[in-house]
1. Across the chain, where is the longest run that never hits chymotrypsin sites (Phe, Trp or Tyr not before Pro) in a DSSP loop with at most 16 other C-beta atoms within 10 Å?
2. Helix-derived [θ] at 222 nm for the chain: sum -39500 (n - 2.57) over DSSP H runs of at least 4, divide by residue count, nearest 500?
3. Report the calculated FRET efficiency for Leu3 and Leu113 (r = Cβ-Cβ distance, R0 = 25 Å), to the nearest 0.05.
4. FRET efficiency for Ser51 and Lys78, Cβ-Cβ distance as r, R0 = 41 Å, nearest 0.05?
5. Contour minus end-to-end for Arg141 and Arg174, with contour as 0.36 nm per residue of separation and end-to-end as the Cα-Cα distance?
6. Over the chain, with the other protein chains present, what is the accessible area per residue in square angstrom, probe 1.4 angstrom?
7. I'd like the Karplus ³J(HN,Hα) series for segment 11-22: coefficients 6.51, -1.76, 1.60, θ = phi - 60°, whole numbers in Hz, and an x wherever there's a Gly or Pro.
8. Express in Å², to the nearest 10, the accessible area of Val219 obtained by rolling a 1.4 Å probe over the protein heavy atoms while all chains stay in place.
Amino acid sequence: MALARLRVAPGSPLADMAEGRRWLRALAEAGDPDAAFLLAATQFANLDTQSSQPYRRDDDGPSDDAIRKLIDDGIAAKRADAFLLRAKLLRRGVLYPQDDRAATLELINAANLGSLEAMLLLGEAYDDGLGTPEDPRERLRAWREAAKHGSFEARRRIATAFSFETFDKLITLREGVSERIALLNFDAGRGGPGMPAGIAATMGVAGLFSGGRAADAGVPALAG
């Protein structure tokens, strides 16, 4: 299952969607519910992007009716991944009518059940006003909760938002500066297609001290 996750993860150096989904199908058929939900979640390409229209993968994955039943059963069993998958489908209008408000409500349900991905997406919803009024405090609360439970991506998003936070000033220097520096080594090893290793780290600190919150804080505070 761990290898299958790496195969279907976007940007993974071991990415191979077709092979990963073959493994997930075998695991799902053997009764693994986590595999069944991940198989359903990867049935539609571009589901997690806003720039391209989702489309069904041309393979022997689960049918639309099977996915809806899996979600209904999972919601009845209070599975976070069921609420998360329904939220993604509602957001893009796949299998269900497009509904940003309903999608955000499902993200709240998934986040309350411990889904880190839902916490990240919920922060985006509050940031962009998707199905809910824009709310920088709720955005930060969702990302802080994900970071508290080990999400590197949440830590990065908070640190990135720090540079642009000129009015509310809710993000601390610890989150915006110390965390950004702490993430340097992590980012230095990322790389990927079109992104040589180290470039992500360089981009992460570019301009951090040249203006905005960090510059306003002053040298003594930054040193602290």
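The values are calculated or read from the model by the stated rules, or taken from the named source; none is laboratory data. As the structure is a prediction and not an experimental result, all values here were calculated from the model. Neighbour counts are summed over all protein chains in view; Cβ atoms, including those assigned to glycine, are modelled from backbone coordinates with ideal geometry. We work out accessible area using only protein heavy atoms, side chains counted, and drop any ligands, DNA or RNA first. Shrake-Rupley method; radii C 1.70, N 1.55, O 1.52, S 1.80 Å.
1. 1-163
2. -17000 deg cm²/dmol
3. The formula returns an efficiency of 0.45 here.
4. FRET efficiency, Ser51 to Lys78: 0.80.
5. On the way: separation 33, 0.36 × 33 = 11.88 nm, distance 1.56 nm.
In short, 10.3 nm is gained.
6. On a per-residue basis, the chain sits at 54 Å².
7. Per-residue couplings from phi come out as x, 5, x, 9, 4, 7, 4, 4, 5, x, 5, 4 Hz.
8. Number for this one is 110 Å².
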